[in-house]
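The values are calculated or read from the model by the stated rules, or taken from the named source; none is laboratory data. The shown structure was predicted, so the numbers you read here are calculated from the model rather than taken from an experiment. All Cβ positions, glycine included, derive from the backbone under ideal geometry; neighbour counts span all protein chains shown.
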Amino acid sequence: MIVPSSYPAQGLLYFLGHPQLITNLFCAIFLTIIWAIAVTIFGFAYLLQLQAHALIKVNCPAGVAWFVSIIFVLLEIALMVLLFYLIILPIYQDALFDRVLKLRGLRHVLEKNHGNDVILVLILTLPINLIPVLGQILYAVINGWILTFGARFHYDSEIRNISVAQSRREAWERKRDFAGFGSVAVALEMIPFANLLFMWTNIVGCALWVADEIEEEERCQLQEQQNAQYGTMETPESLANSLLPRLSPNNSVRIASPVPSLQLKQPKGSYMKTSGQIV
C-alpha cells in the first residue's frame, strides 16, 4: 500500500543508505560557496562604503551609519546567496530524482524520452508563521500541495511529456496524496539548518514514491497482458473448479476398470457351493 506522507522519511533513510547520491550535491554546494565568497567580497568592498557614505550625507552619525550599513550588507549577502541557491537547486534536484529512478532499476523509464509560482506562494504565506504552532501547521498544509506539484513536475513534463495543464489537473485530482506528502516535506524544510539536507532528501522521497507507482503500474499491465493471452484457455485451477459439482456426494462416479474380468471354468464333476448342482 502506497502512503504518500511516509515518503519524506523514506527519502531520508534512502539518501543516507546510498552514499552515491551525495555526489549529486557536491557541485551545487561548491557553486553556492563560490558565489557566497564572491558576493561577500563585493558587499564589503563596494556596497558597504556606498551605503555608509550615503547615510552620512543625510546627516546620519558616522558610527550609526557604518553599523547600519554592515547589517544591510550582511542581509544583502544572505539574500543573494539564498536566491542563487534557489535558482540552481531545481537543476540538481532533477538530476537527483533521475539518479534515484536508476538505482531502483527504472532506467528504461528515463530512456523513453530524452516554478516561479511555487516560490511566490511560499513567500506570500510566510506571515502565517507569526501565529505560534497553528501558523506553522497551516503553512505546511497550504504549501504542501504546491511543493509536491513542483517536486513531481520534472517527472510529468520531461519524462511523461504531458502538458502543464494536464499535470496540474492530475495533481488536483490527487490533492489528498499531494498534500499528505507535501505537508510533511514542508514541515521538515522548516527546521533551521537541517532544512538544507531535507531539501534534497524530500526529492529522494518523491522519486521513491514515483518509482513505486511505476512498478505497480507495470505489474498491473503485465497482469492484464497475461489475462488477455490466457483468458480463453482453461487453467488447471479453473478445470478443477468446474469438475467439483460433478464430484459431489449425491452423484455417483463409475470408473471403468482397465483390466478385463476373468471367468474361471469349473471342471466337470465338480459341485458349486451355491447351487449344489453339477456343472
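Among residues that are under 21 Å from the mean Cα position of the chain (by Cα), surrounded by 12 or more Cβ atoms within 10 Å (Cβ to Cβ) and at pLDDT 90 or above, Phe153 is not included.
Only residues that are modelled with pLDDT under 75 and hydrophobic (A, V, I, L, M, F, W, C) were counted in the stretch 92-130, giving 10.
Matching residues to (1) among the acidic types (Asp, Glu); (2) at pLDDT 90 or above; (3) under 32 Å from the mean Cα position of the chain (by Cα):
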{"site": "Gly11", "(1), (2), (3)": "no, yes, yes"}
{"site": "Gly17", "(1), (2), (3)": "no, yes, yes"}
{"site": "Phe26", "(1), (2), (3)": "no, no, yes"}
{"site": "Ile37", "(1), (2), (3)": "no, yes, no"}
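Counting only helices (runs of 4 or more DSSP H) that sit wholly inside the stretch 5-76, those with at least 1 residues that are more than 20 Å from Ile88 (Cα to Cα) and in contact with a helix residue (DSSP H, G or I) (Cβ under 8 Å, 6 or more places away or on another chain) are 7-17, 48-57.
Considered as a group, the residues in the stretch 157-209 that are surrounded by fewer than 17 Cβ atoms within 10 Å (Cβ to Cβ) and polar (S, T, N, Q) include one that is nearest to Leu147 (Cα to Cα), and that residue is Asn195. Applying a threshold of 7 Å to beta carbon distances and a minimum spacing of six or more residues, or different chains, the list of pairs starting in the stretch 53-64 at a residue that is loosely packed, with under 12 Cβ neighbours inside 10 Å and ending at one that is not hydroxyl-bearing (Ser, Thr, Tyr) reads Ala62/Ile56.
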